[in-house]
Amino acid sequence: RKEVEQDPGPFNVPEGATVAFNCTYSNSASQSFFWYRQDCRKEPKLLMSVYSSGNEDGRFTAQLNRASQYISLLIRDSKLSDSATYLCVVARSGDTGFQKLVFGTGTRLLVSP
Amino acid sequence: NAGVTQTPKFQVLKTGQSMTLQCAQDMNHNSMYWYRQDPGMGLRLIYYSASEGTTDKGEVPNGYNVSRLNKREFSLRLESAAPSQTSVYFCASRTSGETNTGELFFGEGSRLTVL
């Protein structure tokens, strides 16, 4: 079982739709959580951090459920430019104390006109 | 505004050849990383360097070596390339010690094909 799991999609949605992605993680010692965005043939870039209380950034809302060990990303009013792969990332301390970041395989979103 | 720069962007090798991927960052970050990305596998950590002078193995280190030349530069070497090393390689950097930031800054990637 992978440490961080995501539905690969693709999620096909029309412009203006609301779409939600979930991500589950298996290591209960995980400390920090993030969503990264990766455009086709480009490098990943940080979209937003995920806080225990939930957080919002414009049309994007991220939530964390530590008890069930999953995080979610909600995108409202989808734009064509939101088409990308969304990577779930979990950070935890490794054996040496250095914080490791573990990436999910990503969920692909396609927004159509 | 260079950020993380990695070279080359594309490379084709024959099995058994060697090569070095170069990476440099200008953000004064302590930590640097090398990842590979393959379809269906996500980003997997090859090696990392928590600070200048230290390197450690990640999830998939076999077949690779690294050198943290100085604070700015972190190179990845394939001594004897194999077809299984065909992948997209990303270098990344991050300020260490900040458990809540987590922002990794990535280079644009190096696409390596081993025939």
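Some notes on this structure:
- Taking one quarter of the surface of the convex hull spanned by the alpha-carbon atoms of segment B:7-91 gives a direction-averaged projected area of 5.3 nm².
- R0 of 22 Å, Cβ-Cβ distance A:Glu15-A:Asp57: FRET efficiency to nearest 0.05: 0.65
- Where trypsin sites (Lys or Arg not before Pro) fall in DSSP loop in segment B:1-63, at most 14 other Cβ within 10 Å: B:Lys9, B:Lys14
- For the protein assembly as shown, the solvent-accessible area works out to 48 Å² per residue, with a probe of 1.4 Å and every protein chain left in place.
- In percent, rounded to a whole number, the relative contact order of chain B is 36, using alpha-carbon pairs under 8 Å and six or more apart.
- Calculated on alpha-carbon atoms, Rg and Dmax of the protein assembly as shown in Å: 17.7, 52
- Euclidean distance between Cα centres, segment B:66-92 to segment A:1-48, Å: 26 Å
- Solvent-accessible area, 1.4 Å probe, carbon plus sulfur percent, for chain B: 47 percent
- By the Cβ distance rule of under 4.7 Å, the protein assembly as shown has these cysteines without a partner: A:Cys40.
- Cα centre as origin, Lys/Arg/Asp/Glu Cβ charges: segment B:28-112 dipole, Debye: 120 debye
- Taking segment A:26-66 and a reference point 7 angstrom along Cα→Cβ of A:Asp77, the backbone N atoms nearer than 14 Å belong to A:57-61.
The values are calculated or read from the model by the stated rules, or taken from the named source; none is laboratory data. What you see is a predicted model, and the numbers here were worked out from it, not measured in a lab. Neighbour counts are summed over all protein chains in view; Cβ atoms, including those assigned to glycine, are modelled from backbone coordinates with ideal geometry. SASA here: full protein model, heavy atoms, side chains in, ligands and nucleic acids out. Shrake-Rupley method; radii C 1.70, N 1.55, O 1.52, S 1.80 Å.
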